[in-house]
1. Give the residue, chosen from TRP44, TRP85, that is in a helix (DSSP H, G or I) and at pLDDT below 90.
2. So, restricting to helices (runs of 4 or more DSSP H) that lie completely within region 93-184, which ones have at least 3 residues that are closer than 22 Å to LEU263 by Cβ and of a type in the set (Lys, Arg)?
3. Quickly run through region 219-232 and pick out the residues that are crowded, with 24+ Cβ neighbours inside 10 Å and more than 14 Å from PRO139 (Cα to Cα).
4. Within region 105-159, which residues are closer than 20 Å to TRP191 by Cα and either small (Gly, Ala, Ser) or touching a Phe, Trp or Tyr at 6+ places or on another chain (Cβ under 8 Å) (or both)?
5. What are the residues in region 27-51 that are surrounded by fewer than 10 Cβ atoms within 10 Å (Cβ to Cβ) and not hydrophobic (A, V, I, L, M, F, W, C), if any?
6. Taking ALA169 as the residue in question, decide whether it is within 25 Å of the chain's Cα centre (by Cα), farther than 25 Å from ALA201 by Cα, among the aliphatic types (A, V, I, L, M) and surrounded by 14 or more Cβ atoms within 10 Å (Cβ to Cβ).
7. Just the residues that are out of contact with any helix residue (DSSP H, G or I) (no Cβ under 6 Å at 6 or more places or on another chain) and surrounded by 12 or more Cβ atoms within 10 Å (Cβ to Cβ), please, taken from region 72-92.
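The values are calculated or read from the model by the stated rules, or taken from the named source; none is laboratory data. Since we're looking at a predicted model, the values are computed, not measured. Cβ atoms come from the backbone with ideal geometry, glycine included; neighbour counts cover every protein chain shown.
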Amino acid sequence: MQPRSQTRAASRLGRPNSATKKFRFPWEKIVLPAIAFAAVLLLWWVIATFFTTLMPTPWQAFQDNLDYILNPFFRRGPGNLGIGWLLLASLRRVLLGFLLGTLVAIPIGFWIGLSPRAMTAINPLVQLFRPVSPVAWLPIALAIFNLANPSAIFVIFITSLWPTVINTALGVSSVPKDYLDVAQVLEMPRWRQMYKIIWPASLPYIFTGLRLSLGIAWLVIVAVEMLTGGIGIGFFIWDEWNRLSLSSVFLAVIVIGLTGLVLDYAITLLQRWATHRPVKAL
């Protein structure tokens, strides 16, 4: 038999120290993204320095946007607002259109997933309109509402429909048949099957559709606001480009990216709370 001290030494050699494992510096999650961001800034500086005179360097863009950064909610007239107000105006349109689209898309998705006849009737319409560019709906919306703000919300509404409809229908139709058979044996009412079986099993699919819909809606609002004008982050980009103020354009691009990241993270937290399951990145 081996001495107890040798056994302990072997176990120490074979297993990492728990204290070392607990306090291990996560360099891959910090250093590698930092290197990637530094590479982007370096590329930006090289292009701005050697290839064009219109583009500011990162430091110059930071200095030019210092007022927007330190005071994002200033008001200096009807058309001179801080970038915080512009962001809130765009978020209001996106969230309103997204909410309306969600309220319509989830019931339609359930209907398609539960009824083969509804699938046969509605699926061709979904496949027909799903590839249409969201901006292509803008002239139709302007013809209907004759106002820029409701038209932008309508475009976001249309944009939010298709991913949520498709993923909801997929989730409902993917519920294991054994679950439904057991519910029928127990003579469970249909509404109770919906609440206890179909809805919980479909939630991961529904949230996948919601994340896709919200991400696409946030992409689309920038293009829509460029075309309709008014107050918003999209029109701000177009207006600053017309003034050849690329520093402000870069600021808006960064704000749009960070806002999209926050929106996706918020949906992810909501999904974790509702499903009690870990969420994978899209």
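1. Residue meeting the stated conditions: TRP44.
2. Filter on region 93-184 gives an empty set.
3. Correct list: VAL220, ILE221, GLY232.
4. Correct list: ALA105, GLY109, GLY113, SER115, ALA118.
5. Selection gives GLU28, LYS29.
6. When the stated conditions are applied, ALA169 does not pass them.
7. The answer is PHE74, LEU81, GLY82, GLY84, TRP85, LEU88, ALA89, LEU91, ARG92.
Matching residues to (1) at pLDDT 90 or above; (2) assigned to a loop (DSSP other than H, G, I, E, B); (3) assigned by TED's automatic domain parsing to the domain that holds SER90:
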| position | (1), (2), (3) |
| --- | --- |
| VAL220 | yes, no, yes |
| ILE231 | no, yes, yes |
| ALA252 | yes, no, yes |
| THR259 | yes, no, yes |
| ASP264 | yes, no, yes |
| ILE267 | yes, no, yes |
| GLN271 | no, no, yes |
| LYS280 | no, yes, no |
